[in-house]
Amino acid sequence: MSESKFRYRAVFSKNGDMRFIGHLDLQQLFERALRRSALPLRYSQGFSPKVRLNLAGALPLGFTSTAEMMDFWLEQPVEPPLIQEQLNAALPTGIRIISVTEVPNDLPSLQASLKSAEYEVSFKAEIDVSAVNANLEDLLNKPNLIVTRRNKQVDLKPLVEALHWEEDKLYLRLSSSPEASARPDELLALLDLTTEQYDIQRIGLYYS
Amino acid sequence: MTLQTELESLLYRVEKPGRYVGGEFNQVMKPWGSVETHVALVFPDIYDIGQSNLGLAILYDILNRQPDILAERAYAPWIDMETQLREHNLPLFSLESKTPLSEFDILGITLPYEQIYTNVLNILDLAGIPLLSNQRGATDPLIIAGGQACYNPEPMADFIDAFAIGEGEEVILEITHIYQAWKRSGTAREDLLAALAKVPGVYVPSLYTVSYNPDGTLQAVIPHSNHASSLVVKRIMPKLPQPLTHFIVPNVQTVHDRLSVEIMRGCTRGCRFCHAGMVNRPVRERSVEEIITAIKEGLAATGHDEVGILSLSSSDYTQILPLTQKIYREFKDAQVRVSLPSLRIASFSVELMDELKELSPGGGFTIAPEAATERLRAVINKPLDEDVLLETARTIFEHGWLNLKMYFMIGLPTETMEDVQAILELGSKVYKIGRSIAGHRVHIHLGISTFIPKAHTPFQWYPMDTPENIQTKMDLLKRGARQAHLKMTYNLPEVSQVESWLSRGDRRLGAVILQAWRNGAKFDAWSELLNLQAWQNAFARVGLESDFYTLRQRSLDEVLPWDHISTGVSKHFLLTDLRLSQAERTREDCRNRCYNCGILDCFESIRPAQEEVYWGCP
């Protein structure tokens, strides 16, 4: 796209109360933050022009993250540290830009090239972590892990790419491509663990 | 566990948890211990509805500018969140610091419409605050209320400690300062109420004795304390203050999610059915420069891409054409949409129409004839020649609009079935004009609401039309609209019924509201949640006739429940206007000629001397 002008990629964190803001609302939040930042924004063409931005891999409601990504376009080049500063000043508490880099315009979209995501699971004090560890091992020894999504059967087993423990925290790397993706809470639900018993933070997004 | 962490675990179980967490851009968050006085501003409906309320946003700003005061926000939780709070025995809390409402010094509740009253009770109950004013003690918050519904405060008198009548910008600080002095003095709660009653515009219902005649009508509402005034006159701002620009920007989708700029307060048209037009006098305008600056600063501070221009009748703003031209020039490259509602036919030009089309591409056009015959329009004092209306419609279509919405009321005084039928005929004529110009893409939309005779209007003595009549008229319109290819939407007659009881009621309705809430009534403005049975049972249980309040012609010498509250417009004026209506005679816009409505008698002394402060009064 020759008319795309200057493309930037921001890595940002989402935590605190902001974890209760959903993906579509986050899109709106960034549109407005970009407008407040007074950066020379690139708008979409058409009847009601919108700020051009793309977010990758919707973060489920209630998860925090240190590794979200957004692409956006500017009319003129601006130094990335300056973009970071201006954007952070325009964002509500709980969302922070960690880095900004200029990226080539011909890169595929974030959403299309997302392959997998890594999560850190912290368990609440009342949970016996060693029991979770043992149960998880048994679970993963099964030939398949079938869950039902909207009346459709999905096998989670091939979607678990990596898993390890550090102290009492569980690290899970799960497939997150447009074709096949898994959520850590789906896996934990197979161990009868519910959302009140742990906190999940996304700590990495991986692209092809 | 702290309330904060307990709440967090609930948020995973409710729809749209972003409603309950606050943390939006431009939120003000002061350390709790850093201020003397804590005020919770409460909108008694869900966040999605209440967040955009301009009145509360203004008060939030005024209070938080004070170094010794903090203001936080609270809304009604939706059904799912209420269930969670009750199951876990958690109190209702403020969005900013997640503090239980019972720990605030003052709760300021806005009452913009009547169908929100049961939600007030539900909120107090969820907060663990005694519902009845006379059951509150020294440690309970002071409960104050303001807003458009408070011009008849009586139905909520049992629950509210003090009402602020009229515009709240000044009185909110006066009330808070009196509260601070009282708290420092450590005296009894009665002393606080007595001190508040002395403030102009503040109504403390517990200081009045209400007596009734044997036929159930009011005998008198008389103060039994020498601190209270026998007539509480509303407050106004002689000059509109600087418009607010640092609006809180919601993180979740809300209704009216845009930058609001109020260009004018009040209306000089004198439509006889219109509560807002009577109670919000005099007309005061902001200057074009002030408005343009507010839009610029507001857009920069919020990042909104839509601006809503607020007023009761935008096309009556004296500088409307210069304003829209200037808005267009300033913002045409800023990717901003501007909507300008409340236009009046015959008071705007083709030129203005073209400006509007540029500012809000793709939008529809709305006109509000309210009645479809010239006779009935004379009765309601909204005169408009049908030829002018049809010519305006033609111009609207010729200028490229395809969607035209027309508002009408049914149940107006003296209305006949011919008047109702005429709505369809007028709609059809407009549709034919549209078809002849723009073909089948034209859509005509009828918006039908039920007339409620409102307090402080010339129609306040009239009964409401019976539910049976309203139903017959609605059915006629629904059938006819289908046949005539007109789209039609309407207010549910049942929702209007609750509104009519509560807007016309006296102090005895407090018991009905309490009982209706106990019977399960809440969110009465939500047609899918309205529980009319709960209300009917409540009337029966309390031993009152609902028809007494709505279906009875009130005699002209009857003491009305709101007679001790003054909007500045005299009863004599309302009565004269009623008689003119009965003679089918109109009065022109009172900017051109003063009809001595009482506003100037009331507020002449505070009218700013400077020419540049525009008042609509001659």
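The values are calculated or read from the model by the stated rules, or taken from the named source; none is laboratory data. Quantities reported herein were computed from a predicted structural model and do not represent experimental measurements. Using ideal geometry, Cβ is built from the backbone for each residue, glycine included, and neighbour counts are taken over all protein chains shown. Each accessible area value is taken on the protein alone, full model and side chains, heavy atoms only, with ligands, DNA and RNA left out. Shrake-Rupley method; radii C 1.70, N 1.55, O 1.52, S 1.80 Å.
Residues in the range B:8-13 carry Karplus couplings, in order, of 4, 5, 6, 5, 6, 9 Hz; the curve used is 6.51 cos²θ - 1.76 cosθ + 1.60 with θ = phi - 60°, and Gly or Pro positions show x. Each of A:ALA89, A:PRO104, A:HIS164 was placed along the dipole of the range A:63-164 (beta-carbon charges, centred on the mean Cα), and the one lying farthest toward the positive end is A:HIS164. Axis angle, to the nearest 10 degrees, between helix B:288-302 and the longest C-alpha principal axis of chain B: 60 degrees. Working note: Cα atoms of the range A:1-144, range along each principal axis, descending, whole Å: 55, 33, 30. Calculated [222 nm] ellipticity per residue, helices only, for chain B: -11000 deg cm²/dmol; basis is -39500 (n - 2.57) per DSSP H run with n ≥ 4, divided by all residues, nearest 500. GNM, chain A, Cα, under 10 Å: largest mean-square fluctuation among A:LYS50, A:LYS157, A:LYS142? Comparing A:LYS50, A:LYS157, A:LYS142 in a Gaussian network model of chain A, the most mobile one is A:LYS142. Taking 18 Å as the straight-line reach from the Cα of B:LYS183, the lysines in range (excluding those fewer than 8 positions away in the same chain) are B:LYS198. Measuring spread by the Cα atoms of the range B:144-270 yields a radius of gyration and Dmax of 18.0, 55 Å.
Cα convex hull of the protein assembly as shown: mean projected area in nm², to one decimal?
The number I arrive at for the protein assembly as shown is 38.6 nm².
Taking the Cβ of B:GLU6 as the centre, find all other residues whose Cβ is under 11 Å away and add up their charges (Lys, Arg: +1; Asp, Glu: -1).
Within the 11 Å Cβ shell, the charges total -1.
Within the straight-line cut-off of under 18 Å between alpha carbons, the aspartates and glutamates reachable from A:LYS152 are A:GLU179, A:ASP185, A:GLU186, sequence neighbours fewer than 8 places apart in one chain being disregarded. The fraction of all Cα pairs in the range B:363-470 landing in successive 5 Å bins from 0 to the largest distance is 2, 12, 22, 22, 16, 11, 8, 4, 1, 0, given as whole percents. Between B:ASN531 and B:LYS522, the built amide H atoms are under 5 Å apart, and every one of these is 5 or more places off in sequence or on another chain.
Counted residue by residue at 0.36 nm each, then reduced by the alpha carbon distance between them, the extension gain from B:GLU297 to B:ASP215 reaches 23.7 nm. Of all the options A:ARG173, A:ARG150, A:ARG35, the one that moves most in a Gaussian network model of chain A with Cα springs shorter than 10 angstrom is A:ARG150.
Surface composition of chain B: carbon and sulfur atoms hold 50% of the protein heavy-atom accessible area at a 1.4 Å probe. The H on the amide N of A:LEU163, modeled in the peptide plane, is under 5 Å from the matching H of A:ARG173, each at least 5 residues off or on a different chain.
Work out the charge dipole of the range B:3-233 with +1 on the Cβ of Lys and Arg and -1 on the Cβ of Asp and Glu about the Cα centre, then indicate which of B:ALA71, B:SER9, B:VAL232 is farthest towards its positive end. So the residue furthest toward the plus end is B:ALA71. Shape analysis of the range B:3-233 based on the Cα gyration tensor places the equivalent ellipsoid semi-axes at 30, 20, 16 Å, largest first. Ranking A:TYR206, A:ASN141, A:LEU191 by Cα position along the charge dipole of the range A:113-207, where only Lys, Arg, Asp and Glu carry charges on their C-beta atoms, puts A:TYR206 farthest toward the positive end. Were the residues from B:ASN519 through B:GLU330 laid out at 0.36 nm apart, the gain over their Cα-Cα distance would be 62.6 nm. The share of Cα pairs per 20 Å bin across chain B, counted from zero up to the longest distance, runs 18, 54, 27, 1 percent.
With Cα atoms as the point set, the radius of gyration and Dmax of the range A:113-207 evaluate to 13.0, 39 Å.
Take the Cα of A:GLU79, step 7 Å toward its Cβ, do the same at B:ARG441, and the gap between the two points is 5.0 nm. Indicate the gyration tensor shape class of the range B:259-604 (rounded, prolate or oblate), computed on the Cα atoms with a ≥ b ≥ c the square roots of the eigenvalues: a/c under 1.5 is rounded; otherwise a/b larger than b/c is prolate and the rest oblate. Taking the square roots of the gyration eigenvalues as a ≥ b ≥ c, the range B:259-604 is prolate. State which entries of A:LYS142/B:LYS16; B:LYS16/B:LYS487; A:LYS14/A:LYS124; B:LYS234/B:LYS454 exceed 26 angstrom in Cα-Cα distance in the structure shown. A:LYS142/B:LYS16; B:LYS16/B:LYS487, as the Cα separations exceed 26 Å there. With a sphere of radius 9 Å drawn around the Cβ of A:VAL51, what net charge do the other residues whose Cβ falls strictly inside it have (Lys, Arg +1; Asp, Glu -1)? Net charge in that neighbourhood comes out at +3.
For the range A:2-107, the relative contact order comes to 48 percent (Cα pairs under 8 Å, sequence separation of at least 6). Contact order, relative form, for chain A: 27 percent (alpha carbon pairs under 8 Å, 6 or more residues apart, mean separation divided by residue count). Per residue, the solvent-accessible area of the range A:110-208 (1.4 Å probe, heavy atoms of protein chains only, all protein chains present) comes to 55 Å².
Cross-link partners of B:LYS30 among lysines, defined as those whose alpha carbon lies under 20 angstrom from its own and excluding same-chain residues fewer than eight positions apart: B:LYS98. Relative to the Cα centre, the charge distribution of the range B:259-604, modelled as +1 at Lys and Arg Cβ and -1 at Asp and Glu Cβ, gives a dipole magnitude of about 440 debye.
Comparing each chain alone with all protein chains together (probe 1.4 Å, DNA, RNA and ligands left out), the residues of the range B:283-316 losing at least 50 Å² of accessible area are B:GLY303, B:ASP305. Between A:PHE47, A:PHE20, A:PHE123, the residue with the greatest mean-square fluctuation in the GNM of chain A (Cα pairs under 10 Å linked by springs) is A:PHE47. Overall, the protein assembly as shown carries a charge dipole of about 1580 debye about its Cα centre when +1 sits on the Cβ of Lys and Arg and -1 on the Cβ of Asp and Glu, all other atoms neutral.
Per residue, the accessible area of the range B:413-563 comes to 42 Å², computed with a 1.4 Å probe over protein heavy atoms only. Remark: spin-label model distance A:ASN144-B:SER185 equals 7.9 nm, labels positioned 7 Å along the Cα→Cβ axis. Annotation: B:ASP333 carries an accessible surface of approximately 120 Å², with a 1.4 Å probe and no ligand, DNA or RNA atoms counted. A Cβ-based charge dipole, computed about the Cα centre of the range A:113-207 with Lys and Arg at +1 and Asp and Glu at -1, lands at about 600 debye.
Amide H to amide H, with H built 1.01 Å from N, B:ARG337 comes under 5 Å of B:GLU306, B:VAL307, counting only residues 5 or more places away or on other chains. The modelled label-to-label distance for the pair B:ASN134/B:ALA511, using points 7 Å beyond Cα in the direction of Cβ, is 1.2 nm.
With contacts defined as alpha carbon pairs under 8 Å and 6 or more residues apart, what's the relative contact order of the range B:259-604 in percent? Don't jump to the answer; show the numbers that get you there.
Details: 534 pairs, mean separation 58.3, N = 346.
17 percent.
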